[in-house]
Amino acid sequence: MEIGPKIQAAVAAILEEKYQYQVDSGTIVVTPTKREFSGDFTVVLFPFIKALRTNPVQLGEAIGADLISQSWITAYEVKGGFLNLTLANSIWTELLDTVNIAARTLDPARKIIIEYSSPNTNKPLHLGHIRNILLGWSCVQIYKAIGYQVIKTQVINDRGIAICKSMLAWKLFGEEKTPASTRTKGDHFVGEYYVLFNSKLDEEYKSWQQSDEAQTIYITGKKEEQTAADFFKTYANTYFNEYSQLGRQAKEMLLKWEAGDPDTLELWNRMNNWVYDGFNKTYAELGVDFDTIYYESETYLLGKESVDQGLEKGIFYRNSDGSVWIDLEDAGMDKKILLRSDGTSVYMTQDIGTAQHRYQDYHFDRMVYVVGDEQEYHFKVLFEILKRLGEPYADQLFHLAYGMVDLPTGKMKSREGTVVDADDLVAEILGEARKAAEERGELVDLPPQEQEKIIRNIALGALKFFILKVNAKKRMVFNPEESLDLQGQTGPYVQNAYVRIRSILRKADQMTIPSVYAGYQLGTEERELIALLLQYWETLEQAANNFDPSGVANYAYQLAKSFHRYYHDVSILRAESEEAMAFRFVLIRKIAMVLELAMEMLGIEMPDRM
């Protein structure tokens, strides 16, 4: 039984019977009553006042009196244009019995692709990837729960000049070392050579700046009184493309890769596999996976056929230099290149082809791209182009844009440069969780292996919850210490509510617990807890519609907060009557079930102890 629809239907019937006014019951607004007023649920009356030519008080009194006569409403109060209703005790106990957390039946007709992570193979996953991955995984869990068939995917950027920089650095300076021989995680190993390439390039550039060639370029190219240092700061890209020996070798390697040179491809495969091994370890640590993976090395030629079709239809146009463009100025955007003058594709072309390829593979209803907000314009253009090409799914594409994640000043340094590695962050939060557990001393009687499992659950719960509780569009600061606070809006705070319930239930195993509570009179906090439990599915639906897991995180926190307050205010094991004890055990079991599932939607496991 859902109480909202029951109230809506009852009010709609009264309006038709008393006023001959027909209204779709689903449009009647029913909300939980605010705490400062008496009542459980509130009906908003304002939409009907004008049509019925009455005032809010008269209408509220008429509806309230009629509902009272139906026995399932025991009291009402009219406050302005709001009718506050108090439900009968028996209705609340029935509602508790109907709380159901079973996932909705899978509907094969509802299919969604969610793309997340999508890293480069020249460096490890970083802090930004963690937010990306957690957002994507949570959306996967939420959509599965509401009955969608979900395809988890990513596009790995495994080709291009950046990849060749790592390959060349290893070839020149690696001395045949491997991740195994150096006991280094594969993605970090390759990332170190990417950093090494840039370091060697910087040395080469500084040396070149002293040459006669460089000084001549400076003298002829500087702006007014511009110093050599300032000039060469802006000249780095030109140097790499036109004068650098390392740059020339990297570009030659890229050309060999594109030509299918066996030795180059062998090195490329070997180093990429080192990276994939490292990525997979990080994914396993975070508890995420993928159903299918696309590789840029296999998709970078996709989209060219669509460009030809777009030219034939007049959607695209060819410039005098042979490049192909689309003019989107009529849609508030600009002109966008799709093929360079030499016939090579750009990222937009590849994304067009990849979207079409995925539709051929899966015939999805919706597709979501979890990508940083710096790419908002790119996806706006992509979706508009696909719409103009007449793709049937073009209106069902969504860019889940997210803001950057910062760390408090002075926290953590990346081993690969300026970006914080995902593995370093996980290690940091694990260290903080381990330290906090040692200080509390509540796990000392457990075997070391079980202690470590609980600590990992708490640490990863802290990381995931802290990131997911913030709306994706907002830039955020992740503080490892704050994320573990047992008194804050954190994962461990929610986990602790579950742990408390599990502790009570373990004690109850040694007792005889009554099972009948038909005559129990619920308190205000108990009604509020049931009302919260009933909001679970609505919360999931809203999170899915908005692609916003923060709604689920904040719901879990509110439920945990209400339970903690209830735990302090009433006795469960020493309840004042058998009916009270029976009811409270049913209630806390339901709370534990919903808390566990809500946190599962965030990719968080619940420990039995903390």
FRET efficiency, Arg589 to Glu94 (Cβ-Cβ, R0 22 Å, nearest 0.05): 0.85
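If we count GluC sites (Glu not before Pro) as exposed when they sit in a DSSP loop and have at most 16 other beta carbons within 10 Å, what is the longest stretch of the chain that avoids them all?
226-441
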Cα-based helix-to-principal-axis angle, 422-440 vs the chain, degrees rounded to 10: 40
From phi via Karplus (6.51, -1.76, 1.60), per-residue ³J(HN,Hα) for segment 61-77 in Hz, x at Gly/Pro: 5, 5, 5, x, 4, 5, 5, 4, 5, 8, 6, 7, 10, 9, 7, 8, 8
Value of relative contact order over the chain, rounded to a whole percent, pairs C-alpha under 8 Å and six or more apart: 14
Given Lys335/Lys469; Lys469/Lys590; Lys313/Lys335; Lys171/Lys206, the pairs whose alpha carbons are separated by over 27 Å: Lys335/Lys469
Alpha-carbon centroid distance for the pair segment 221-286 / segment 1-73, whole angstrom: 67
Over the chain, equivalent-ellipsoid semi-axes from the Cα gyration tensor in Å: 56, 33, 21
16 Å Cα-Cα reach of Lys34 towards aspartates and glutamates, excluding residues that sit fewer than 8 places from it in its own chain: Glu77, Glu525, Glu526, Glu528
Shape parameters for segment 3-87, alpha-carbon atoms, Rg then Dmax in Å: 11.5, 34
Between helix 376-388 and the chain: long-axis angle, C-alpha atoms, 0 to 90°, nearest 10: 90
Over segment 160-289 - Rg/Rh using Cα atoms and the Kirkwood inverse-distance radius: 1.10
Of the chymotrypsin sites (Phe, Trp or Tyr not before Pro) in segment 1-45, those whose Cβ has at most 11 other Cβ within 10 Å and which sit in DSSP loop: Phe37
Ratio Rg/Rh, restricted to segment 352-452 and using Cα atoms, in which Rh is the Kirkwood radius: 1.23
Size of electric dipole in segment 80-173: Cβ of Lys, Arg +1 and of Asp, Glu -1, about Cα centre, debye, nearest 20: 700
Contour minus Cα-Cα distance for Glu578 and Ser320 (0.36 nm per residue): 84.2 nm
Calculated from backbone phi, Karplus (6.51, -1.76, 1.60) coupling profile of segment 571-588 in Hz, x at Gly/Pro: 9, 9, 5, 10, 5, 6, 8, 5, 5, 4, 5, 4, 5, 5, 5, 5, 4, 5
18 Å Cα-Cα reach of Lys435 towards lysines, excluding residues that sit fewer than 8 places from it in its own chain: Lys411, Lys453
Order of Leu534, Leu172 - criterion: other Cβ atoms within 10 Å of each residue's Cβ, fewest first: Leu172, Leu534
Cβ-based exposure ranking for His564, His188, in which fewest neighbours within 10 Å come first: His564, His188
Amide proton proximity set for Ser117, modelled H, under 5 Å, gap of 5+: Ile133
Loop sites in segment 426-501: trypsin sites (Lys or Arg not before Pro), DSSP, at most 11 other Cβ within 10 Å: Lys474, Arg475
Of all DSSP beta bridges in the chain, antiparallel share, percent nearest 5: 50
Ranking of His399, His126, His357 by count of other Cβ atoms within 10 Å, fewest first: His357, His399, His126
Rounded to whole Hz, the Karplus (6.51, -1.76, 1.60) HN-Hα couplings of segment 256-269, x for glycine and proline: 4, 4, 5, 8, x, 4, x, 5, 5, 5, 5, 5, 4, 5
Estimated 222 nm signal from helices in the chain, with DSSP H stretches of n ≥ 4 weighted -39500 (n - 2.57), rounded to 500: -18000 deg cm²/dmol
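Coordinate-derived values only; no laboratory data. Predicted model, so just to flag it, every value in this text is computed and none were measured. Glycine also receives a Cβ, built like all others from the backbone with ideal geometry; neighbour counts cover every protein chain displayed.
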